[in-house]
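K.L.:
Please see the structure below; I have some questions.
The values are calculated or read from the model by the stated rules, or taken from the named source; none is laboratory data. This is a predicted model, so every value here is computed, not measured. Here the Cβ positions follow ideal geometry from the backbone for every residue, glycine too, while neighbour counts run over all protein chains shown. Accessible surface areas use protein heavy atoms only, side chains included; no ligands, DNA or RNA. Shrake-Rupley method; radii C 1.70, N 1.55, O 1.52, S 1.80 Å.
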Amino acid sequence: MAALYEGYTLCGLAPSQNLSNSGIQGVEAERDSDHVVITDSTRSVTLYKVSDQKPLSSWTVKQGQTLTCPAVYNSQTKEYVAVSDSKVIRIWKEEDILLEKAFKATVSSDVWRVHCVAGGEPVVLFHRGAVRLLDSLLSAPQQSIEEVLAQEETIRWSTNIVTESHQFVIFTTEQKGDHFLYLQRLNPNTLQRYRLEREEPGLSPLSFSASYRDKHICLLYLYPNGHVYQSVVSVRGLVADEGAQALPLPRSLLLGLPVGEGLLEAASAQALDEAHVAVVGVPHPSAGSGKDFLCIWNTNFQTLQAGKEMAGKIYGQLWTFWNKLVIPHGKTLSVIPFECPKSSLASALGKLRQVKTDESEAPTSVPSWNNILHEEKAHPSRSVDTRKTRTHRTSQSASSLTNSGVLELIKTAPVEKVQREVEVLLSRTDIQDLQPSVGQLASTLVSRSLADPAFYAPGSLVKLVHTRCLCHSVCPDLVLLALERKDYFLCQLCLQFFPDIPEAVTCACLKAFISMSDVEAENVSLEPDSVSFAETLIARERGPVGLLNGFTPTSADGDRSDGLGGGDTRAQQDEEKTSTPPEQICPVGLHKAVLLNEVLQTAYSDSFLLPHLKDLSSQHVVLFLQYLQFLYIKYTHDAFPQMHGLRSPSLTQIMDWVCLLLDAHFTVLVMTPEAKGLLLNLHSFVKSQVRLVSELGKLEGSLQELKKMKVEKDVGQYSIEIIELF
């Protein structure tokens, strides 16, 4: 049975003032399932890492210029392609910073779209219906472009599909209320034109999607009356149109969706596979009017299999990549994972039983139609033990409350009863869809806890977070509630499991953790793996002082003497040999270090985090930098073991946070006497790394020559070879 999993916010939107469009022009898949390229409606293209909800790169055209088609990624050349002002084709790589310095070419006719899919070459579709391969077009940008469409015929939608042997550009057009489908095959070039059957007078399709299966191209389109049609075109034996009349395109009604009162205005349908369709902007059959949902329908059995209410305005846009749905709604662009397993009538009706049996038990009989449709008891060939187990489960389920019953109970019952019923509900095996239940339970628990200071159910909240069906977008007040109640264990779990925590909340956690006393922190129960890592780290703080990846405490002192401070006396050097340098002693307690490590591992965007970091006091900034300095020394120490399998921040994350804190507070730190030694140490670290890289650079040429040398095929059991490095 299809399922929609808990979504998360990829980025915010800047919709038009009248909310007529989302401000997003296109979302395109990039190199893998974790990267997408987003083009806004004006000037910017942004590359996002989906799992971190973090922008990796962004490119913008000059003021006064406009991007007129979504950017695409060419996996063959690892380049991005976009069009500005309808005629200027721009091509750039990820390392390029300014689009104005990247390649661009002006063509002779207005471009509608550039399409590029894996396994195919980039193709350019012009406003008047002509198609060119990008390489062919760039060889002569000012070549004349023919007009394929008739007068007053305009393109409404287009896509690109690659089959086993050919590449196709597919686009639909509208002319005086009639709609047409064009199928352009490349190499050899053939164009076929089809006429879509008319729907009720005045109704035009709201969305199209196309897919390829079994040597056929399947076109799916949704009308404002809720009708979803499918037309199938064979890719075999296509011939050129040669001016003949458009061929009629047969269609079949896949779904008749409920539309409530009136017609749909902003909706979209996307084929997910041969049996499932995702639809957004259509009312849920069992929900009231005025609510928009994202739903997955099974077209074979005409059943709704998954639904999720979408807050805010729906813009009629929907993209799907790698089992993820991307949808703009309100002021957010959300990513919602989904799953569409192979369908059967039993699963479509929600009656498929999955009973685990031991090898010693008698095999389960195949359920009959009566079993499936009327929920009759299983065939009596099962063992007595199996029947007892089923009876026990049935009686347990009957005695426990349903999801709606638990939600009502949370509003009035005492903490002990609430925690008991939530635990029973989560342990039941007959919950058809656990994910929506988890979100509803968490939101209700948080709402009551905020309204009633005497009520708080930490055990239930921890169990709900442990299901990994929650995220910050579903229950935005959960982390702040945990901070208010000083439930730092729950805070730690949220930081670990929530991929979409806003930067303001991350900074609020940092402020709470850094300001708490070590004594208070030691009384907090925390996740064992993270504590084990911190224990190992701090236990080594009195170990031998060795080479720190090009840096030693004595070399740091020497570095200071050449311009940053005076050298040490002989007595001071003797004292250092017998005592641990201050920077190698952890400045915070064990549990406080664990909580700070969780902050370091939280995803963030630099531009959004910096303003909130400026709210930290100079005292807290110095303490946090001292801890980051301690981590840096431990991580770069040659003797420090990598803690595989334990949660720990990476060296890159540590250095990123050092840079962020210095960016946010550099002026204050320079004026703070207590920070002088810290800044000198950080300067020494950087200087030692520059020196190390410089020395490694001197070896680069020799190492390259060694790599090019040919190895003798057989040198025997023993040989001596002299290699001269110049």
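K.L.:
So which residues in region 490-503 are modelled with pLDDT under 90 and among the hydrophobic types (A, V, I, L, M, F, W, C)?
P.N.:
PHE497, PHE498, ILE501
K.L.:
Now, a different point. How many residues does region 131-165 contain that are closer than 22 Å to PHE180 by Cα, open to solvent by less than 30 Å² (accessible area, probe 1.4 Å), hydrophobic (A, V, I, L, M, F, W, C) and within 33 Å of the chain's Cα centre (by Cα)?
P.N.:
2
K.L.:
Tell me, yes or no, whether region 131-145 has at least one residue that is closer than 30 Å to GLY7 by Cα and either without any contact (Cβ under 8 Å) to a residue 40 or more places away in the chain or touching a Ser or Thr at 6+ places or on another chain (Cβ under 8 Å) (or both). Write out each step before concluding.
P.N.:
Initial filter on region 131-145 (closer than 30 Å to GLY7 by Cα): none.
No, because not a single residue in region 131-145 is closer than 30 Å to GLY7 by Cα and either without any contact (Cβ under 8 Å) to a residue 40 or more places away in the chain or touching a Ser or Thr at 6+ places or on another chain (Cβ under 8 Å) (or both).
K.L.:
Would you call VAL474 open to solvent by less than 50 Å² (accessible area, probe 1.4 Å), assigned to a loop (DSSP other than H, G, I, E, B) and either hydrophobic (A, V, I, L, M, F, W, C) or at pLDDT below 85 (or both)? Explain how you work it out, then say what you get.
P.N.:
On the way: open to solvent by less than 50 Å² (accessible area, probe 1.4 Å): yes; assigned to a loop (DSSP other than H, G, I, E, B): yes; either hydrophobic (A, V, I, L, M, F, W, C) or at pLDDT below 85 (or both): yes.
So VAL474 fits the description; yes.
K.L.:
Suppose we filter region 225-273 for residues that are open to solvent by 40 Å² or more (accessible area, probe 1.4 Å), among the charged types (D, E, K, R), under 24 Å from VAL162 (Cβ atoms) and at pLDDT below 90; how many remain?
P.N.:
1
K.L.:
How do the pairs read when you match residues in region 146-157 that are over 14 Å from ASP110 (Cα atoms) with residues anywhere that are of a type in the set (Gly, Ala, Ser) and surrounded by fewer than 19 Cβ atoms within 10 Å (Cβ to Cβ), using Cβ under 9 Å and keeping only pairs 6 or more apart or on different chains?
P.N.:
ARG156/SER204
K.L.:
Can you spot a residue in region 712-724 that is part of a helix (DSSP H, G or I), at pLDDT below 80 and open to solvent by less than 100 Å² (accessible area, probe 1.4 Å)? Write out each step before concluding.
P.N.:
First, the residues of region 712-724 that are part of a helix (DSSP H, G or I): none.
Checked against the condition, which is being part of a helix (DSSP H, G or I), at pLDDT below 80 and open to solvent by less than 100 Å² (accessible area, probe 1.4 Å), region 712-724 yields no hits at all.
K.L.:
Identify, please: which residue in region 675-697 is of a type in the set (D, E, K, R) and surrounded by 12 or more Cβ atoms within 10 Å (Cβ to Cβ) and is, among those, farthest from PRO611 (Cα to Cα)? Even if it seems obvious, please write down each step before you answer.
P.N.:
Quick first cut of region 675-697, residues of a type in the set (D, E, K, R) only: 676, 687, 691, 695.
So of that shortlist, the ones also surrounded by 12 or more Cβ atoms within 10 Å (Cβ to Cβ) come out as 676, 687, 691.
Values: LYS676: 24, LYS687: 29, ARG691: 33 Å.
Among them, the one singled out is ARG691.
K.L.:
Moving on to the next point. Quick check on region 186-204. Is at least one of its residues part of a loop (DSSP other than H, G, I, E, B) and of a type in the set (A, V, I, L, M)?
P.N.:
First, pick out the residues of region 186-204 that are part of a loop (DSSP other than H, G, I, E, B): 187-189, 197-204.
Pick out the ones that are also of a type in the set (A, V, I, L, M) and you get 203.
Yes, that holds for at least one residue.
K.L.:
Collect the residues in region 82-110 that are hydrophobic (A, V, I, L, M, F, W, C) and either surrounded by fewer than 20 Cβ atoms within 10 Å (Cβ to Cβ) or under 24 Å from ARG31 (Cβ atoms) (or both), keeping them in residue-number order.
P.N.:
If the condition is that a residue be hydrophobic (A, V, I, L, M, F, W, C) and either surrounded by fewer than 20 Cβ atoms within 10 Å (Cβ to Cβ) or under 24 Å from ARG31 (Cβ atoms) (or both), then ALA82, VAL83, VAL88, ILE89, ILE91, TRP92, ILE97, LEU98, LEU99, ALA102, PHE103, ALA105 are the ones that fit.
K.L.:
Go through ALA457, ALA508, ALA482, ALA512 for me and flag whichever is among the hydrophobic types (A, V, I, L, M, F, W, C) and open to solvent by 30 Å² or more (accessible area, probe 1.4 Å). Talk me through it step by step, then tell me what you get.
P.N.:
Details: ALA457 fails: open to solvent by 30 Å² or more (accessible area, probe 1.4 Å); ALA482 fails: open to solvent by 30 Å² or more (accessible area, probe 1.4 Å); ALA512 fails: open to solvent by 30 Å² or more (accessible area, probe 1.4 Å).
Result: ALA508 is the single residue among ALA457, ALA508, ALA482, ALA512 that is among the hydrophobic types (A, V, I, L, M, F, W, C) and open to solvent by 30 Å² or more (accessible area, probe 1.4 Å).
Per-residue answers, yes or no, for (1) open to solvent by 60 Å² or more (accessible area, probe 1.4 Å); (2) of a type in the set (Phe, Trp, Tyr); (3) part of a loop (DSSP other than H, G, I, E, B):
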| site | (1), (2), (3) |
| --- | --- |
| SER22 | no, no, yes |
| VAL27 | no, no, no |
| PRO55 | no, no, no |
| LYS62 | yes, no, yes |
